Amino acid sequence: MICNIARTELQMLFYSPIAWLILIVFTVQAGVLFSDLFTRMVSNQAMGYNVAGSSLYIFANTWTGVFTQIQNYLYYYIPLLTMSLVSRELSSGSIKLLYSSPVTNIQIIVGKFFSVMVYGAIMMGVLLLLWLIGLCTIKHFDWAAVLTGILGLYLLICAYGSIGIFMSSLTSYQIVAAIGTFAVLMLLNMVGGWWQDYDVVRDVTYWLSMKGRSGTFIRGLICSEDVLYFLIIMMLFLALTIIRLNSVRQKVSFGSTLLRNVGVLLLACVVGYFSSLPLLKVYYDSTETKQNTLTENSQEIVKKLDGKLTITTYVNILDPDGAWFATGSFLKPDMERFEQYLRFKPDMKLRYVYYYDTTNNPRLDKQYPSLTLREKMVKLSKIYSIDSNKFKTPDEIRSMIDLSGEGNMFVRQIVRENGEKSWLRIYNDLQRFPSEREISAAFKRMVMKLPIVGFLTGHGERGYRSNKDRDYSAFANDKKFRYALMNQGFDVEYVTLEKEIPENINIVVIAESREPFTEKEDANLQKYIDRGGNLLILGEPKRREIMNPLFAKFGFELMEGQIVKQDTNLQADVVLSYPTEEADSIAYDFRTMRLYEQVLVTEGVSGLRQVADKGYVVTELFKSDTVASWNEVETTDFVDDTIRLNPLVGEVEQSYPTLVALSRRVGEREQRIILSGDADCISNGGLMGQKAGVRSSNFTLIMGGFFWLSDNEAPVDVRRPRPTDNKIYITSATGAGIVKWSLVLVLPLLLLGGGVFTWVRRRGR
């Protein structure tokens, strides 16, 4: 009976022009979206650009992907499709015939819903055609991830369909049913942001939200919570429709009907609540590179976190972004930042503590100079509609934890059951929040002993405790700088050579010594080298006489003069150093620099020359440009004077190595050393300064260099396999044009012909 009803409804759909019109418009829109992106990738390949990841770029790009756009269009199609399914029966009176026949309300509604499911499957058939084109034209097409996206869109259509059937059962006017369906869909997309300030209803309203549910599938991830959400929504609205028809057919009282509706709603919420619990979630990442899953290194770190784990977020409403962080609408999206970690550690708890206390916020102080801390808190609470009673006073928060070291800013503290603790911060960049690399580094601190970096002092070397441009506070311990060593899993401290370097120091940084070492100091340094300690040694052209005895220990020296480059846009002593192919073997970050044509900006750099073989394997990391670049030994004023190549004084135009890596076996471990002809490249000024038209990436030297120096322990390696769908077999604009017009013109005309044929055949009958 259900199949008969579904077949009848499908006949009614396809005998009307609306079903064919929706199908044709959907096909044209999908074809335009696909062909535009496909043509773009063909053009990029023809111009020599890398097209790896073409599958997900075409179908699942966050902003322009085919499926990303289509999920927005479905919002308009389905209400037009479902508006007449029940309201037509009500307006024509045929519902009475159904009531008098041996057909139950369940059979009626399920049959009509099946017809929507079949029509939705036909719509997905258009997307399957796009999938087939991708399968035939893209090398190693990520077919499983794209199919997952189609599954998500199909579940979305079915959920929309169940809502449309319910709204159609409420009125005999089809237009009213369509408008009502639009209203409910809008409600389900907006409800996730409602009443987020109330703990009791926050989880319920956030779970009810349909916004972004299909996006999980589009990204290639199947999560049991999302699958169950769509199934629950379908069954909920079908059940409400059946209750509605039963109340009319059996003349059930309003109170009884209301109780049944409330019961169904409560049951759906309870099932939905349990489906959202981390312990009960099941995941499947269908992407080739497992981009929705923690990398293997992060998974190994999480496995070692035995016992309970709590991440407490401390929010000071008075810090620059504190008021926004304190709003209820921020809470649930913020929790989702740890979704991938909850997948592997479902017993992890997330807590939020709100308070107000003194912090660095000049703008707020200027805006309200005469208000007390509490008065400022109350003022901001009113502006952002926040309950001021949830904020702890300065005395209350200080009795719980000392946050003065973090400047009383937004910060998270990770605490294990055994009492081990670690900090997790936000950063002063566009991304703001920590990525997998920083989160895993914070976890890794608690499960293993990470490297300690010792900064040598005592000879005028650059330190890390001042904010001067020449010093290293940014890359060493700036809490707001993402690439600072302390945010990537390292600890830093000062060391001297007055005594032997402690055994717990794994890496020593010597940055531009201004005074020579004494005999005792030299001996202590040699002991560290002989035991296989790793080093980062940064020289400067003007410190050549002081630094060369140190470089000589490794068979190198700083060359005479400094490298210059004739460039109309940059000062002569600003030299761009390019990563070498050999640097790929040292750290993957250097390979990334080379692939994206990024450079190291070195301002005042000496070339490095090998003068002896000390038993090290030498790898040149960065080299200067080969054109119009030489070692300038005459000019020292690069602002007012003009540089000229003078071979008579030993100036040679060529490419010079500016950074080299040395390695050798010492006992059971490999000793690793990096020598640099410039100390400014990773200084505060070198990291923060920008040159117009230059794709500088000096911070990559920190990430890649210290990854190698720490024996690949930190920063955490979160690399994923490179996508293998890196070639499109169609190589010409003509071929792409054939694909486009086949989808945008030929296929819609075929569908139009099918519609006309059905209409003529129906009219003939």
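Listed here are the residues, each with its yes/no results for (1) assigned by TED's automatic domain parsing to the domain that holds Thr457; (2) under 21 Å from Phe622 (Cα atoms); (3) not aromatic (Phe, Trp, Tyr).
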residue	(1), (2), (3)
Phe490	yes, no, no
Leu497	yes, no, yes
Tyr528	yes, no, no
Ile546	yes, no, yes
Leu550	yes, yes, yes
Gln566	yes, yes, yes
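Residues that are more than 23 Å from Arg543 (Cα to Cα), at least 2 per element: which strands (runs of 3 or more DSSP E) completely within the stretch 557-641 meet that?
Values: elements: 562-565, 574-579, 600-603, 608-610, 617-624, 629-632.
Output list reads 574-579, 617-624.
Specify which of the listed residues (Ile18, Ile2, Ile22) is surrounded by 17 or more Cβ atoms within 10 Å (Cβ to Cβ), over 19 Å from Ala733 (Cα atoms), at pLDDT below 90 and not charged (D, E, K, R).
One residue alone meets the criteria, Ile2.
When you check Gly650 against the structure, is it surrounded by fewer than 19 Cβ atoms within 10 Å (Cβ to Cβ) and on the phi > 0 side of the Ramachandran plot, yes or no? Reasoning before the result, please.
Details: surrounded by fewer than 19 Cβ atoms within 10 Å (Cβ to Cβ): yes; on the phi > 0 side of the Ramachandran plot: yes.
Yes, satisfied.
Collect the residues in the stretch 216-226 that are out of contact with any strand residue (DSSP E or B) (no Cβ under 7 Å at 6 or more places or on another chain) and either surrounded by fewer than 19 Cβ atoms within 10 Å (Cβ to Cβ) or farther than 17 Å from Ile150 by Cα (or both), keeping them in residue-number order.
Ser224, Glu225
Do any helices (runs of 4 or more DSSP H) lying entirely in the stretch 389-480 carry at least 2 residues that are closer than 25 Å to Phe707 by Cα and basic (Lys, Arg), and which ones are they?
On the way: elements: 394-400, 436-444, 473-477.
Once the helices (runs of 4 or more DSSP H) in the stretch 389-480 are filtered for at least 2 residues that are closer than 25 Å to Phe707 by Cα and basic (Lys, Arg), what remains is 436-444.
Over 30 Å from Ala326 (Cβ atoms), modelled with pLDDT of 95 or more and in contact with a Gly (Cβ under 6 Å, 6 or more places away or on another chain), is that true of Thr148?
Spelling it out, Thr148 is indeed over 30 Å from Ala326 (Cβ atoms), modelled with pLDDT of 95 or more and in contact with a Gly (Cβ under 6 Å, 6 or more places away or on another chain).
With respect to Val495, is the statement that it is among the aliphatic types (A, V, I, L, M) and out of contact with any Asp or Glu (no Cβ under 9 Å at 6 or more places or on another chain) true?
Yes, satisfied.
For Phe59, all conditions in the list (1) over 26 Å from the mean Cα position of the chain (by Cα); (2) buried (at least 19 other Cβ atoms within 10 Å of the Cβ) hold save one; what is the number of the exception?
Unmet condition: (1).
Quick one: what pairs do we get from the stretch 336-357, first residue within 30 Å of Lys376 (Cα to Cα), second in a strand (DSSP E or B) and of a type in the set (Phe, Trp, Tyr), C-beta under 6 Å, 6+ apart or different chains?
Val353/Tyr314
Being over 24 Å from Phe113 (Cβ atoms), touching a helix residue (DSSP H, G or I) at 6+ places or on another chain (Cβ under 8 Å) and in contact (Cβ under 8 Å) with a residue 40 or more places away in the chain is the filter here; which residues of the stretch 230-283 pass it?
Result: Tyr273, Ser276, Pro278, Leu280, Lys281, Val282, Tyr283.
Quick check: is even one residue across the stretch 77-91 within 25 Å of Leu170 (Cα to Cα), of a type in the set (Lys, Arg), surrounded by fewer than 19 Cβ atoms within 10 Å (Cβ to Cβ) and in the same structural domain as Met41 (by TED's automatic domain parsing)?
yes
Of the conditions (1) of a type in the set (Ser, Thr, Tyr); (2) more than 25 Å from Arg437 (Cα to Cα); (3) in contact (Cβ under 8 Å) with a residue 12 or more places away in the chain, Thr310 satisfies every one except a single condition; which number is it?
Evaluating Thr310 over (1) of a type in the set (Ser, Thr, Tyr); (2) more than 25 Å from Arg437 (Cα to Cα); (3) in contact (Cβ under 8 Å) with a residue 12 or more places away in the chain leaves (2) as the failure.
I'd like the residue in the stretch 268-313 that is acidic (Asp, Glu) and surrounded by fewer than 17 Cβ atoms within 10 Å (Cβ to Cβ) and, out of all such residues, is farthest from Ile222 (Cα to Cα).
That would be Asp306.
Condition check ((1) farther than 23 Å from Ala159 by Cα; (2) surrounded by fewer than 14 Cβ atoms within 10 Å (Cβ to Cβ); (3) of a type in the set (Phe, Trp, Tyr)) across all residues:
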{"position": "Pro102", "(1), (2), (3)": "yes, yes, no"}
{"position": "Val116", "(1), (2), (3)": "no, no, no"}
{"position": "Gly120", "(1), (2), (3)": "no, no, no"}
{"position": "Met123", "(1), (2), (3)": "no, no, no"}
{"position": "Phe141", "(1), (2), (3)": "yes, no, yes"}
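Which is out of contact with any Leu (no Cβ under 6 Å at 6 or more places or on another chain), surrounded by fewer than 18 Cβ atoms within 10 Å (Cβ to Cβ), closer than 22 Å to Phe554 by Cα and touching a residue at least 60 places away in the same chain (Cβ under 8 Å), of Ala612, Ala587?
Checking each option against the conditions leaves just Ala612.
In the list Ile439, Ile414, Ile397, which residue meets the criterion of being crowded, with 18+ Cβ neighbours inside 10 Å, more than 22 Å from the chain's Cα centre (by Cα) and modelled with pLDDT of 95 or more?
Working: Ile439 fails: more than 22 Å from the chain's Cα centre (by Cα); Ile414 fails: more than 22 Å from the chain's Cα centre (by Cα).
On inspection, the qualifying residue turns out to be Ile397.
Of all residues being closer than 17 Å to Met12 by Cα and basic (Lys, Arg) in the stretch 720-765, which is surrounded by the fewest Cβ atoms within 10 Å (Cβ to Cβ)? Just the residue, please.
Filtering the stretch 720-765 for residues that are closer than 17 Å to Met12 by Cα and basic (Lys, Arg), the one surrounded by the fewest Cβ atoms within 10 Å (Cβ to Cβ) comes out as Arg765.
Scan the stretch 439-485 for residues that are under 23 Å from Gly533 (Cβ atoms) and among the aromatic types (Phe, Trp, Tyr) and jot them down.
Of everything in the stretch 439-485, those that are under 23 Å from Gly533 (Cβ atoms) and among the aromatic types (Phe, Trp, Tyr) turn out to be Phe455, Tyr464, Tyr472, Phe475.
Could you check how many residues of the stretch 208-227 are in contact with a Cys (Cβ under 9 Å, 6 or more places away or on another chain) and farther than 15 Å from Gly272 by Cβ? Give the steps one after another, and end with the answer.
Within the stretch 208-227, the subset in contact with a Cys (Cβ under 9 Å, 6 or more places away or on another chain) is 208, 216-217.
Next, from what is left, pick out any that are farther than 15 Å from Gly272 by Cβ: 216-217.
Counting residues in the stretch 208-227 that are in contact with a Cys (Cβ under 9 Å, 6 or more places away or on another chain) and farther than 15 Å from Gly272 by Cβ gives 2.
Do we find that Ser385 is in a helix (DSSP H, G or I), in the same structural domain as Pro362 (by TED's automatic domain parsing) and surrounded by fewer than 19 Cβ atoms within 10 Å (Cβ to Cβ) in this structure?
Judged against the criteria, Ser385 is not a match.
State which residue is surrounded by the most Cβ atoms within 10 Å (Cβ to Cβ) when the search covers only the stretch 337-354 and only residues that are in contact with a strand residue (DSSP E or B) (Cβ under 8 Å, 6 or more places away or on another chain) and in a helix (DSSP H, G or I). Explain how you work it out, then say what you get.
Kept after step one, since they are in contact with a strand residue (DSSP E or B) (Cβ under 8 Å, 6 or more places away or on another chain), are these residues of the stretch 337-354: 338, 343, 345, 347-354.
Subset that is in a helix (DSSP H, G or I): 338, 343.
Details: Phe338: 17, Arg343: 19.
Looking at residues that are in contact with a strand residue (DSSP E or B) (Cβ under 8 Å, 6 or more places away or on another chain) and in a helix (DSSP H, G or I), I get Arg343.
Please specify each residue of the stretch 57-85 satisfying the condition of being of a type in the set (Phe, Trp, Tyr), assigned to a helix (DSSP H, G or I) and more than 15 Å from Leu153 (Cβ to Cβ).
Tyr57
Hey, could you check the stretch 45-56 for residues that are part of a helix (DSSP H, G or I) and not polar (S, T, N, Q) and say which is surrounded by the most Cβ atoms within 10 Å (Cβ to Cβ)?
Here the answer is Leu56.
The values are calculated or read from the model by the stated rules, or taken from the named source; none is laboratory data. The shown structure was predicted, so the numbers you read here are calculated from the model rather than taken from an experiment. FYI the Cβ positions are ideal-geometry reconstructions off the backbone, even for glycines, and counts take in every protein chain you see.
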